[in-house]
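Asks: For reference, the structure I am asking about is given below.
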Amino acid sequence: MGYIDNIIGRYKSMRSIRGLNHIYTQQYALVGLGNHCVSNLLPVIQYLQLPLKYICCTSEKKAELIAQKYKGVKETTSLQDILHDDTVSAVFVAANPHSHFHIANEVIKAGKSLFIEKPPCENEMELKSLTDTIKLYGSKHIVVGLQRRFAPATQILQKRLKGDGKRHYHYRYLTGLYPEGDALLDLFIHPLDYATFLFGEAKIKSLDVIRSRDGGQTLFLVLEHQDITGILELSTDFSWQKAEELLSISTDKGLYVLDRMEHLDFTPRRSVVLGIPLEKVFPNNMVATVCLYERNGFIPTIRNNQIASQGFFPEIQAFADMVENKREYDRAFGLESVRHVYSLMSEIHNYTSKK
């Protein structure tokens, strides 16, 4: 037992030392202090102990409270304070979505790294303007905050899909009413981005919209990618208490089912001989479903927190690691990566505005 205890002790010591050695030295700033920022972004920034120098918001009342709650952080209502401070290397932007384009444009011109929450802008024209600004002024590290790309289940799914012949997929994204904003830009951008992130650029093969009297809307789309076709049902006609996000992917090897980034299952395809499904011949010969990922709600570690399983923690850590040159910059997470998504949203918007 002493030998085993020694091995376990060494492992725990190495793990804790590895965590202590992960130190961030660059200065960061945060623009925006809404509910999403306070609930999802700031906890990760504080956990990683990123040197946060500024928090900027438009509310004078909030600014007065920042210094009391976040010790050592400078409060400001002026973006220029951040842009003119050469010690600030990177800026997190999670403000009102309508102001994201202007803020992102200014941060890029200032030559600072940028983490911009979705949506980074409101349309294709603004996105092109931002990418043109990058070409003109140069850019450091830019990450668009579409956190599903960084979710642990996504990493597993990407690796598995590389070796599978893909057939088709079905994506259901169902929420309650959304009267406070643009559902396409604020909500449906997530499944549209995730589908193009996993399967590549897509063309809309068919599209329809159904509107309810109380303001709900449901989009039905058939997207055609290079090697797979998918059906998407995107709706605000259901419930926020029982919101649903379910992605089923049929491949040559079997069926993947991803439930809200929390649970990923794989069921191998059943055998067929001369076109005859053997499950009909041998009904008791069951094929076991394999759980590839599931958040462990019993062990209270950061990796088992929803902030991690949903992708918020790994996306912010990845951005900070890029800024600190601990990770190579990946343009697959930058502004150019959402160009296809904005193209799809533009086509959907043109269609729905005529209905």
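Asks: Looking at the structure I just gave you, is Ile45 within 30 Å of Arg303 (Cα to Cα), touching a helix residue (DSSP H, G or I) at 6+ places or on another chain (Cβ under 9 Å), among the β-branched types (Val, Ile, Thr) and part of a helix (DSSP H, G or I)?
Replies: Judged against the criteria, Ile45 is a match.
Asks: If we scan region 228-244, do we find a residue that is within 14 Å of Lys166 (Cβ to Cβ), among the small types (Gly, Ala, Ser) and at pLDDT 90 or above?
Replies: Scanning region 228-244 turns up at least one residue that is within 14 Å of Lys166 (Cβ to Cβ), among the small types (Gly, Ala, Ser) and at pLDDT 90 or above.
Asks: Additional query: Check Tyr329 against each of (1) hydroxyl-bearing (Ser, Thr, Tyr); (2) modelled with pLDDT of 95 or more; (3) closer than 25 Å to Ala90 by Cα and name the one condition it does not meet.
Replies: Among (1) hydroxyl-bearing (Ser, Thr, Tyr); (2) modelled with pLDDT of 95 or more; (3) closer than 25 Å to Ala90 by Cα, Tyr329 violates only (2).
Asks: Would you confirm, using the coordinates I've provided, whether Ile116 is hydrophobic (A, V, I, L, M, F, W, C) and out of contact with any His (no Cβ under 9 Å at 6 or more places or on another chain)?
Replies: Judged against the criteria, Ile116 is not a match.
Asks: Does Leu223 meet the test of being under 25 Å from Arg160 (Cα atoms) and part of a strand (DSSP E or B)?
Replies: For Leu223, the condition - under 25 Å from Arg160 (Cα atoms) and part of a strand (DSSP E or B) - is met.
Asks: Quick check on Ile116: is it assigned to a helix (DSSP H, G or I), surrounded by 15 or more Cβ atoms within 10 Å (Cβ to Cβ), in contact with a helix residue (DSSP H, G or I) (Cβ under 7 Å, 6 or more places away or on another chain) and among the hydrophobic types (A, V, I, L, M, F, W, C)?
Replies: No, not satisfied.
Asks: Mind checking which pairs have a first residue in region 67-86 that is over 20 Å from Lys112 (Cβ atoms) and without any contact (Cβ under 8 Å) to a residue 40 or more places away in the chain and a second that is in a loop (DSSP other than H, G, I, E, B) and open to solvent by less than 80 Å² (accessible area, probe 1.4 Å), Cβ under 8 Å, 6 or more apart or different chains?
Replies: Matching pairs, first to second residue: Ala67/Val73.
Asks: Let me ask another. Does region 328-355 hold any residues that are aromatic (Phe, Trp, Tyr) and either open to solvent by 30 Å² or more (accessible area, probe 1.4 Å) or closer than 21 Å to Ser235 by Cα (or both), and which are they?
Replies: Across region 328-355, the qualifying residues are Tyr329, Tyr342, Tyr351.
Asks: Being open to solvent by less than 20 Å² (accessible area, probe 1.4 Å) and over 29 Å from Asp265 (Cβ atoms) is the requirement here; does Leu157 meet it?
Replies: The answer is no for Leu157.
Asks: Where residues in region 87-104 are of a type in the set (S, T, N, Q) and not in a strand (DSSP E or B), which of them is nearest to Asp330 (Cα to Cα)?
Replies: Thr87
Asks: Ok, one more. In this structure, does Val107 turn out to be in a helix (DSSP H, G or I), in contact (Cβ under 8 Å) with a residue 12 or more places away in the chain and hydrophobic (A, V, I, L, M, F, W, C)?
Replies: Criteria met by Val107.
Asks: Quick check: is even one residue across region 97-109 among the hydroxyl-bearing types (Ser, Thr, Tyr), open to solvent by 50 Å² or more (accessible area, probe 1.4 Å) and out of contact with any strand residue (DSSP E or B) (no Cβ under 6 Å at 6 or more places or on another chain)?
Replies: No, every residue in region 97-109 fails to be among the hydroxyl-bearing types (Ser, Thr, Tyr), open to solvent by 50 Å² or more (accessible area, probe 1.4 Å) and out of contact with any strand residue (DSSP E or B) (no Cβ under 6 Å at 6 or more places or on another chain).
The values are calculated or read from the model by the stated rules, or taken from the named source; none is laboratory data. Keep in mind it's a predicted model, so treat the numbers as computed, not measured. Reconstructed Cβ throughout: ideal geometry from the backbone, glycine too, with neighbour counts over all protein chains shown. For accessibility, only protein heavy atoms count, side chains too; no ligands or nucleic acids. Shrake-Rupley method; radii C 1.70, N 1.55, O 1.52, S 1.80 Å.
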